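Visitor: What follows is a structure written as structure tokens; I'll ask about it next.
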Amino acid sequence: MPTVDICFSPELLPLYDLKGKVAVVVDILRATSSIVTALANGVTHVFPVAELAECAALGQEHGCLTAAERDGRAAEGFDLGNSPFGYLDGVLPVRGRAVAISTTNGTLALRRSLSADAVVVGAFLNLQAVVDFAQVQQKDVVVVCAGWKGKFCLEDTVFGGALAERLADTFDVASSDATLAALHLWQQAKADLHAYLLQSSHVRRLNSLEANKDFEFCLRLDEYPATLPIWQADRLVPFVKQGQLQNA
Ligand code: 3SL
């Protein structure tokens, strides 16, 4: 039986061998929620990069939109920040465009996970899409939590628990203490995810930046159940199931 393991922070990745496995990179607040929202709303592909300068250079090179955040604030000189509403509120037309994005933790976690057989982007918004992909792959899954500047964070870990619960029939979710801990947290949280995650330190950071709207949106379960960003070559593209038409 394939396993589900949880890596609580990108700093712990040297302890995990991702070869032969599926890496599910998660940064609920807000990078992976924003990337899922972008692809679900017609963005063609996303270049996630660690550095702001690379993000700006990609924007020039590919003529794509740029999105950047540092310490919870939109970085200056880019088209968008890191709010999912950047892809929803219609201020900037995004359909048919590509986006280069750089964030404090999320895009770094993605770049550090590239040795996996498959790298996909997870969020509460597309939880079922991640479940469906893992079930078809039948490979070990490692949830890579972006955390905050190398430290553990509650919301990414709780997502790991939600994923483990949905995979529990066909995956071994009991042989990793990290997964067991994430499952326990999810079981505490799921009756009122909003109230539970109000305790988290990142929510306090976002609250201070008046981003409550983003918080509420990022906690919606299965808002985009068929959108799965997957790493291909040098970018994230929407995963297309075999036999499915690209624009279906
Ligand atoms: O760290 C990140 O990658 C961001 O998602 C943080 S924030 O939600 O934009 O503050």
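The values are calculated or read from the model by the stated rules, or taken from the named source; none is laboratory data. Remember, it's a predicted structure, so these values are computed and weren't measured experimentally. Here the Cβ positions follow ideal geometry from the backbone for every residue, glycine too, while neighbour counts run over all protein chains shown. For accessibility, only protein heavy atoms count, side chains too; no ligands or nucleic acids. Shrake-Rupley method; radii C 1.70, N 1.55, O 1.52, S 1.80 Å.
Visitor: Using only C-alpha atoms and all pairs of different ones, pull out the Kirkwood radius for segment 142-189 in Å with one decimal.
Guide: It works out to 10.7 Å.
Visitor: Using a probe of 1.4 angstrom, how much of the accessible area of segment 114-160 is carbon and sulfur, in percent?
Guide: 50
Visitor: Can you compute the charge dipole magnitude of segment 4-230 about its Cα centre, using +1 on each Lys and Arg Cβ and -1 on each Asp and Glu Cβ, nothing else charged? Give it in debye, rounded to the nearest 20.
Guide: 200
Visitor: Can you give the calculated 222 nm mean residue ellipticity of the chain, where each DSSP H run of n ≥ 4 adds -39,500 (n - 2.57) and the sum is split over every residue, rounded to the nearest 500 deg cm²/dmol?
Guide: Result for the chain: -10000 deg cm²/dmol, rounded to the nearest 500.
Visitor: Mind jotting down a quarter of the surface of the convex hull over the alpha carbons of segment 1-75, in square nanometres, one decimal?
Guide: 7.0
Visitor: Turning to a different aspect of this structure: Tell me the trypsin sites (Lys or Arg not before Pro) within segment 1-37 that lie in a loop according to DSSP and have at most 14 other beta-carbon atoms within 10 Å.
Guide: Lys19
Visitor: Something else about it: Could you give the accessible area per residue of segment 4-230, probe 1.4 Å, as a whole number in Å²?
Guide: Here the per-residue accessible area is 40 Å².
Visitor: Also, I was wondering about something else. Would you mind computing the Rg to Rh ratio of segment 4-230 from its alpha-carbon coordinates, Kirkwood style for Rh?
Guide: Result: Rg/Rh = 0.94.
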